[in-house]
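To keep things clear, I will list the structure first and then write my remarks on it.
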Amino acid sequence: MYPPPSYDNAKYSQGYQPDAMNIRPRQPFPPSNLATGTRWSTSLCHCCDDPANCLITCFCPCVTFGQIAEIVNKGAVSCAASGAVYGLLLGFVGSSCLYSCFYRSRLRGQYDLEEAPCADCLTHFCCEPCALCQEYRELKNRGFDMGIGWQANMDRQNRGITIAPVVGGMSR
């Protein structure tokens, strides 16, 4: 159909050099940021490692989300308030995954976890229950009792730690 390409072109006959035109070979893509940070303590698909949480998350994900959000927010927002907002978004708008993916990002930032197996919002959009279960297990494996909330966890951690009283007050 077309004649084969001819390399009798003038630029090739005059000693065409790719470097003369600042053309460099393609460099490989830089490493992905998805692999930075420490690994999650459990895989995304290990939901049945904690069967009770798996069932609660499947039938009422607002409870699991509320527990996660209270710990991630360090008690600034209660479990009930976070769970209620999640439930409203789930029931009326259907976009609860957009809300919960931001908490996954905050959790990863607090504990320097890798963004795996894919981006946070994609993980929550494609597999919301598994993502919530993984986040719940991560906090549980880091020593939090998810059923008692932030304040009770802090009280439990501070129990046994005594602070020596300051005698004479502070002075300059």
Looking only at region 106-126, count every residue that is part of a helix (DSSP H, G or I) and surrounded by 17 or more Cβ atoms within 10 Å (Cβ to Cβ) and tell me the total. 5
Residue ID - least open to solvent (accessible area, probe 1.4 Å), chosen from residues in region 53-79 that are closer than 22 Å to T38 by Cβ and not in a helix (DSSP H, G or I): N73
In this structure, is G91 over 19 Å from T123 (Cα atoms) and either among the polar types (S, T, N, Q) or part of a helix (DSSP H, G or I) (or both)? yes
Please go through region 40-52 and give me each residue that is part of a loop (DSSP other than H, G, I, E, B) and in contact with a Lys or Arg (Cβ under 8 Å, 6 or more places away or on another chain), ordered by number. S41, T42, H46, D50
Any pair with Cβ under 6 angstrom, 6 or more apart, that starts in region 137-158 at a residue that is closer than 14 Å to K74 by Cβ and ends at one that is open to solvent by less than 40 Å² (accessible area, probe 1.4 Å) and in a loop (DSSP other than H, G, I, E, B): W150/G75; Q151/G75; N153/F144
Within region 80-101, residues being within 19 Å of the chain's Cα centre (by Cα) and either under 12 Å from C130 (Cβ atoms) or surrounded by 16 or more Cβ atoms within 10 Å (Cβ to Cβ) (or both) number 8
Among the residues listed as Y103, Y99, the single one being touching a helix residue (DSSP H, G or I) at 6+ places or on another chain (Cβ under 7 Å), within 20 Å of W40 (Cβ to Cβ), assigned to a helix (DSSP H, G or I) and not hydrophobic (A, V, I, L, M, F, W, C): Y103
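So, R156, is that one open to solvent by less than 20 Å² (accessible area, probe 1.4 Å) and either at pLDDT 95 or above or among the charged types (D, E, K, R) (or both) or not?
Numbers: open to solvent by less than 20 Å² (accessible area, probe 1.4 Å): no; either at pLDDT 95 or above or among the charged types (D, E, K, R) (or both): yes.
In short, no.
The values are calculated or read from the model by the stated rules, or taken from the named source; none is laboratory data. Everything numeric here is computed off the predicted structure, so don't read it as measured data. As a convention, Cβ positions derive from the backbone with ideal geometry for all residues, glycine included, and neighbour counts pool all protein chains shown. Side chains included, ligands, DNA and RNA excluded: accessible areas come from the protein's heavy atoms. Shrake-Rupley method; radii C 1.70, N 1.55, O 1.52, S 1.80 Å.
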